[in-house]
1. Does Asp211 satisfy being farther than 19 Å from Leu339 by Cβ, among the acidic types (Asp, Glu) and away from the ligand (no atom under 15 Å from the Cβ)?
2. Within region 261-286, can you find the residues that are within 16 Å of the ligand (Cβ to nearest atom) and in contact with a Gly (Cβ under 7 Å, 6 or more places away or on another chain)?
3. From Leu166, Leu99, which residue is within 18 Å of the chain's Cα centre (by Cα) and either surrounded by fewer than 15 Cβ atoms within 10 Å (Cβ to Cβ) or at pLDDT 95 or above (or both)?
4. Checking the condition at pLDDT below 95 and among the aliphatic types (A, V, I, L, M), which residue from Val79, Val128, Val120, Val71 passes?
5. Return yes when Ser240 is among the small types (Gly, Ala, Ser) and within 13 Å of the ligand (Cβ to nearest atom) and no when it is not.
6. Taking the conditions exactly as written (buried (at least 20 other Cβ atoms within 10 Å of the Cβ), in contact (Cβ under 8 Å) with a residue 60 or more places away in the chain and of a type in the set (Val, Ile, Thr)), does Val256 satisfy them or not?
7. Looking at region 372-383 only, could you name the residues that are of a type outside the set (Ser, Thr, Tyr), surrounded by fewer than 20 Cβ atoms within 10 Å (Cβ to Cβ) and within 16 Å of the ligand (Cβ to nearest atom)?
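The values are calculated or read from the model by the stated rules, or taken from the named source; none is laboratory data. Keep in mind it's a predicted model, so treat the numbers as computed, not measured. Quick reminder, even Gly has a Cβ in these numbers, built from the backbone with ideal geometry, and neighbours come from all protein chains shown.
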Amino acid sequence: MTYDLRSIECKVRPKQFHPLIDEKRQEIARRYRSDNRKIGIVSLIVAAVFLLILLHFDISKQFVQVFRQHVDSRILLMVIYFSFLYAVYSLLTLPFAYLEGYRIEHKYGFSQQNHRDWFVDWVKSFFVTYVIGLIVFSVIYLVIPATPVLWWLWLSLIMVGFSIVLANIFPVIILPLFYKTKQLEDEDLKQEIVELCNRGDLQVRGIFSIDLSSKTTKANAAVAGLGNTKRILLGDTLLSKYGKDEILSALAHEIVHYREHHIWWLILWQSMITIVMFYLFYRIQPFVYSWFGFAAAHEIAAFPVFVLLFAAISYLVRPIGAALSRYYERLADKGALQLTKDRDAFIHLIARLCNEQLSVAYPNPIVEWYKYSHPSPGRRIAFAEKWVQT
Ligand SMILES: [Zn+2]
């Protein structure tokens with residue numbers, strides 16, 4: 001491998017490309033990722049500057065003071081403050097959401113949406129995020145004044161509980177707002193899936209097809225939900241364009257996630273990370289709050305400080321979550337190979353997904369370490385090639 005210092009991605013000599021990885025598409029993939037990265041960075045800077053302006057010019061404090069004169073209830077004050085902040089933030093970042101979710105997705109031939117459909121989705125996610133955000137915000141500013149010393153622990157435990165509830169309701173309440181799902185209809189494929197599940201020693205309650213094609217050309221499969229709502233989702237984009245062996249390989253990967261309870265393991269690890277994050281936050285916050293002129297963490301007007309500090313800690317611990325996710329993805333790849341015993345189909349699947357979805361097959365190892373939730377396609381293929389049937 002050689003590295004070009006001007007570029008954040010590493011340049012891989014063509015001879016090291018796997019033969020199934022399309023080199024021309026890799027060039028486009030780098031441009032696609034770089035376009036997205038630029039928009040992400042500018043959007044992040046705009047959000048941070050917005051919060052700093054609120055703090056530097058005392059806008060946040062004055063807003064709370066003005067409303068406190070008219071509103072007696074702390075809860076109502078919290079709702080008004082959060083709604084104002086969230087609305088302004090969403091409007092400020094709307095152009096970036098549009099560039100990222102619409103313009104770039106069209107430029108690279110992924111999006112199937114027109115302006116209207118895209119905007120309707122944006123409005124829906126605006127409200128879903130508003131409700132979730134308002135709950136989180138309210139919990140923070142009710143728990144901190146109620147438990148002055150151990151609020152970091154209580155907040156982490158409540159957030160973990162909340163994320164379990166969210167994971168439960170996601171496939172039955174949130175997902176249907178954006179996509180239609182239905183029971184898999186293809187009887188032949190269903191039969192093969194049942195056989196695969198039997199071989200995997202697993203009773204799967206629901207296998208659904210999800211209409212990804214209404215929005216994108218990208219193919220995908222996933223396990224979603226917990227307990228009774230747990231199900232395997234196969235994108236109709238995967239079902240219509242990929243061969244049966246490739247679909248079964250993708251499914252086998254999801255079956256292993258399902259069988260080995262990877263969602264629960266990830267929730268457990270994520271809970272520990274959350275506790276550590278809140279503890280770090282708790283230890284650092286007195287200095288940061290006083291630096292911005294606030295006496296205590298429970299002041300509603302200090303919320304921009306909370307967001308900035310918490311975001312900074314999240315960026316710091318991000319590689320831990322990414323590494324854990326990659327670990328379970330690797331286990332699922334290994335389990336899928338053992339289940340299907342079809343290495344070629346697996347390699348074809350990964351290479352095809354990489355070529356079609358413009359993933360960078362051989363990213364800079366530092367970038368991969370920092371944020372990749374899955375091993376890079378190059379690594380997944382190399383792993384499958386080395387895999388020995390047991
Ligand atoms: Zn997976």
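1. Working: farther than 19 Å from Leu339 by Cβ: yes; among the acidic types (Asp, Glu): yes; away from the ligand (no atom under 15 Å from the Cβ): yes.
In short, yes.
2. Residues of region 261-286 that are within 16 Å of the ligand (Cβ to nearest atom), as a first pass: 261-267, 269-270.
The one that is within 16 Å of the ligand (Cβ to nearest atom) and in contact with a Gly (Cβ under 7 Å, 6 or more places away or on another chain): Gln270.
3. Result: Leu166 is the single residue among Leu166, Leu99 that is within 18 Å of the chain's Cα centre (by Cα) and either surrounded by fewer than 15 Cβ atoms within 10 Å (Cβ to Cβ) or at pLDDT 95 or above (or both).
4. Details: Val79 fails: at pLDDT below 95; Val128 fails: at pLDDT below 95; Val120 fails: at pLDDT below 95.
Every option except Val71 fails the conditions.
5. Values: among the small types (Gly, Ala, Ser): yes; within 13 Å of the ligand (Cβ to nearest atom): no.
Criteria not met by Ser240.
6. Details: buried (at least 20 other Cβ atoms within 10 Å of the Cβ): yes; in contact (Cβ under 8 Å) with a residue 60 or more places away in the chain: yes; of a type in the set (Val, Ile, Thr): yes.
Yes, satisfied.
7. Within region 372-383, the first condition is being of a type outside the set (Ser, Thr, Tyr), and the residues that meet it are 374-375, 377-383.
Next cut, surrounded by fewer than 20 Cβ atoms within 10 Å (Cβ to Cβ) only: 374-375, 382-383.
Of everything in region 372-383, those that are of a type outside the set (Ser, Thr, Tyr), surrounded by fewer than 20 Cβ atoms within 10 Å (Cβ to Cβ) and within 16 Å of the ligand (Cβ to nearest atom) turn out to be His374, Pro375, Phe383.
Here's the yes/no breakdown for (1) among the small types (Gly, Ala, Ser); (2) loosely packed, with under 13 Cβ neighbours inside 10 Å; (3) within 30 Å of Thr237 (Cα to Cα):
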position	(1), (2), (3)
Asp117	no, no, yes
Asp121	no, no, yes
Ser125	yes, no, yes
Phe137	no, no, no
Val160	no, no, no
Gln183	no, yes, yes
Asn198	no, yes, yes
